[in-house]
1. In µm²/s, what is D for region 3-268 at 10 °C and 1.306 mPa s, where D = kT/(6 pi eta Rh) by Stokes-Einstein and Rh is the Kirkwood radius from Cα pairs?
2. Take peptides 208-214, 145-151 and line them up by average Cβ neighbours within 10 Å, highest first, as a rough protection proxy.
3. Using modelled backbone amide H atoms (1.01 Å from N, in-plane), which distant-in-sequence or interchain residues come within less than 5 Å of LYS32's amide H?
4. Any chance you could list P(r) for region 1-112, counting all Cα-Cα pairs in 5 angstrom bins from zero, rounded to whole %?
5. Could you check the simple spin-label distance between ASN128 and ARG202, using points 7 Å along Cα→Cβ, in nm with one decimal?
6. Using θ = phi - 60° and the Karplus relation 6.51 cos²θ - 1.76 cosθ + 1.60, list the HN-Hα couplings for region 109-120 in order, rounded to whole Hz, with x at every Gly or Pro.
7. What does the highest-first list of 115-123, 160-168, 2-10 look like by mean Cβ count within 10 Å?
8. I need the peptides 183-190, 13-20, 78-85 ranked by packing, meaning the mean over residues of other C-beta atoms within 10 angstrom, with the highest value on top.
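Where a number appears in this text, it was derived from the coordinates with a stated rule and is not lab data. Keep in mind that what you see is a predicted model, and the values were worked out from it rather than measured. Glycine also receives a Cβ, built like all others from the backbone with ideal geometry; neighbour counts cover every protein chain displayed.
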Amino acid sequence: MADTISIYNFKGGVGKTTTALNLGISWSKSFKVLLIDFDPQCNLSNSIGSNQKSTTVYQYLKKIMHDHDVNPQPEEITPYLHLIRGDLQMTHTESNNQFISFGKTMIDKLLMHFRNDYDFIIMDCPTNFGVLVKSILGASKNILIPAIADNFSLTGVQTLMTYLAAVENESLNILGVFFNMFNGNMNLSAKKYEESKENFGRLILESTVSRSIKVGEANDVGRSIEDYSPDNTAAKDFMKLSDELLAKFHSQTLNPDYIVPELLEKMRD
Ligand SMILES: Nc1ncnc2c1ncn2[C@@H]1O[C@H](COP(=O)(O)OP(=O)(O)OP(=O)(O)O)[C@@H](O)[C@H]1O
Ligand SMILES: [Mg+2]
């Protein structure tokens, strides 16, 4: 039975897709991994995929919605790393009445066809918090939140936790927030990290990922930074993040329902 992980932040450009790609490639060396690209921008598919003709996530959802047989055939990147491609038409899930009424259960029904075949299903989310993201988070066991320290704020976390509470998934495990494109030598980043740790405790992961131009280069050729430039600091950072997450999977549950009141309490102080 697969562990499902959504990678989500309502802020754009924080490294959601980069994280999905790096964790996906890294974990596929020891586990069987499925990547699902839910973002209509299709950055993940364009980076790692090669078969433009493979069935897209939108095509799977349409079949499920019309009760047609689903023949799961994700694109094989390697024998242990598979991809369900994104689709520009995923924007319809926010406006088409059929999708909206299918709503909350839409992604759970999709995952049913894949859960038994993988150890991990990693889902790259779009930024907007709409029907689709609610459905993805509703069907996920875990959420991982990449963020940028410089603009990380109490209000941002509060908004995020309010969103998560709105998903009404009582078993959603918040793996935590990690800072990407982090520069610990910069005063602002270091200060923000310390402040965040003080405010949010174990919600903030120990691992941070440094900013490196090589990360973008690796993305461009559909490789992980670990394979593309193993000695790069960001490669080592992603390995640490991967270890921290693997250790965390079954060890604790941070439920948004109780984080929200905690945060509200802090706001009142
Ligand atoms: N650690 C890093 N160092 C340098 N550049 C990075 C790093 N992580 C991500 N990037 C770059 O930052 C940009 C945004 O990253 P990415 O696309 O992964 O973010 P995203 O949250 O998925 O964005 P979107 O909201 O558009 O989906 C990309 O150009 C990516 O190559
Ligand atoms: Mg993205």
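1. Values: Rh = 18.7 Å.
Translational diffusion coefficient: 85 µm²/s.
2. Working: 208-214: 17.4, 145-151: 20.0.
Taking the mean over residues of other Cβ atoms within 10 Å, the ranking is 145-151, 208-214.
3. Amide H neighbours of LYS32: ASP119, PHE120.
4. 2, 11, 21, 24, 22, 13, 5, 1, 0
5. If labels sit at ASN128 and ARG202, their model points lie 3.7 nm apart.
6. Per residue, the Karplus-derived 3J(HN,Hα) values read 5, 5, 5, 3, 7, 10, 3, 7, 9, 9, 7, 10 Hz.
7. Values: 115-123: 19.9, 160-168: 18.3, 2-10: 22.9.
Output ranking for 115-123, 160-168, 2-10: 2-10, 115-123, 160-168.
8. Working: 183-190: 12.8, 13-20: 23.9, 78-85: 19.9.
In decreasing order of mean packing, 183-190, 13-20, 78-85 become 13-20, 78-85, 183-190.
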